[in-house]
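J.: Pasting a structure here, questions to come.
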Amino acid sequence: MTTPYIVPIRAFTDNYIWVIRDHCHAAVVDPGDASPVLDYLRREKLKLIAILNTHHHKDHTGGNAALLQEFTVPVYGPEKESIPTLTHRLKEYTEKEKEEGNVYLSEFSLSLKVLDIPGHTAGHIAYYGANLLFCGDTLFGCGCGRLFEGTARQMVDSLEKLSDLPKETLIYCGHEYTLNNIRFARAVEPGNQALIERKAAVVKLRGQNLPTLPCTIALEKATNPFLRCNEPEVIRNASNYAGTPLTDRVSVFAAIREWKNHF
Ligand code: ZN
Ligand code: FE
């Protein structure tokens, strides 16, 4: 029983498959592709103990089946989505749903609570515990996921749920999008000094081909326009884009989400 640490495996062009591991065990979050995971496990001589999915998209679940051919492990995921390989269908953690709202990885004595965060997909979940957040395609470094199955209202509520987590929470999301997201954030909030600093740090990391993750809730609150829909400059520029004065958070969010889709 040791404290686990987190390692990224790159997949496709910009996906991250997160590995929760110690010296002999590993759990993987969102294995869209099995082969880089199997390579990693072999190279590091690790035994797979669990698969965790945040949502049903193929680039997050596509490796489940091939991993299950090599290892017999529980597959955790959202009860509200259709992922054929799931063995444990999870609900949001509440006092009533202590069992189905929780993933306990005994090898690491790590307990992760399930948060419902719909918006990108209808049943999207996050895993949170021990200062770690695995949030799939909902909250990204300086950005957020597209609204494929949910509404702006749902996404605003989901992002708020995440941003209410302790500010030092480490965010492990599904894609390396940070630099592009910062370019957009600079257009939305050119006066935000924290964005200039973040951009410099991120350019340096990407120049060395290093991940820009994990980031933290504190950094996201300071720089992520999708968490800053109450800021006057964000409201002003969202209204400019929409061509009409926007007053509430949800319409500001919807406008910048739409703007980002065409940026
Ligand atoms: Zn997705
Ligand atoms: Fe994705």
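The values are calculated or read from the model by the stated rules, or taken from the named source; none is laboratory data. The structure presented is a predicted model; accordingly, all values stated were derived computationally and were not measured. FYI the Cβ positions are ideal-geometry reconstructions off the backbone, even for glycines, and counts take in every protein chain you see. Note: accessible area is taken over every heavy atom of the protein model, side chains too, but ligands, DNA and RNA are not part of it. Shrake-Rupley method; radii C 1.70, N 1.55, O 1.52, S 1.80 Å.
J.: Restricting attention to region 123-148, which residues are in contact with a strand residue (DSSP E or B) (Cβ under 9 Å, 6 or more places away or on another chain) and within 11 Å of ligand 2 (Cβ to nearest atom)?
T.: HIS124, GLY136, ASP137, THR138, PHE140, GLY145
J.: Filter region 172-191 down to residues that are more than 15 Å from ligand 2 (Cβ to nearest atom) and of a type in the set (Val, Ile, Thr), then give me how many there are.
T.: 2
J.: Out of all the residues in region 71-103, which are more than 22 Å from the chain's Cα centre (by Cα), farther than 14 Å from ASP116 by Cβ and surrounded by 14 or more Cβ atoms within 10 Å (Cβ to Cβ)?
T.: Correct list: PHE71, VAL73.
J.: I would also like to ask the following. Looking at region 171-179, can you tell me whether even one residue there is touching a residue at least 40 places away in the same chain (Cβ under 8 Å), out of contact with any helix residue (DSSP H, G or I) (no Cβ under 9 Å at 6 or more places or on another chain) and more than 23 Å from THR13 (Cα to Cα)?
T.: no
J.: Restricting the search to region 164-193, which residues are among the hydrophobic types (A, V, I, L, M, F, W, C), open to solvent by 30 Å² or more (accessible area, probe 1.4 Å) and farther than 29 Å from VAL28 by Cβ?
T.: Result: ALA187, single match.
J.: Quick one: is ASP137 closer than 22 Å to ALA11 by Cβ and open to solvent by less than 60 Å² (accessible area, probe 1.4 Å)?
T.: yes
J.: Which condition number does SER158 fail, the rest of (1) of a type in the set (Ser, Thr, Tyr); (2) more than 16 Å from ligand 2 (Cβ to nearest atom); (3) buried (at least 17 other Cβ atoms within 10 Å of the Cβ) being met?
T.: Tallying (1) of a type in the set (Ser, Thr, Tyr); (2) more than 16 Å from ligand 2 (Cβ to nearest atom); (3) buried (at least 17 other Cβ atoms within 10 Å of the Cβ), SER158 fails exactly one: (2).
J.: Return the residue satisfying two criteria in turn: it lies in region 33-68 and is open to solvent by 10 Å² or more (accessible area, probe 1.4 Å) and assigned to a loop (DSSP other than H, G, I, E, B), and of such residues it is farthest from ligand 1 (Cβ to nearest atom).
T.: LYS45
J.: I'd like the full set of residues that are assigned to a loop (DSSP other than H, G, I, E, B) and within 16 Å of ligand 2 (Cβ to nearest atom), limited to region 23-32.
T.: Within region 23-32, ASP30, PRO31, GLY32 meet the criteria.
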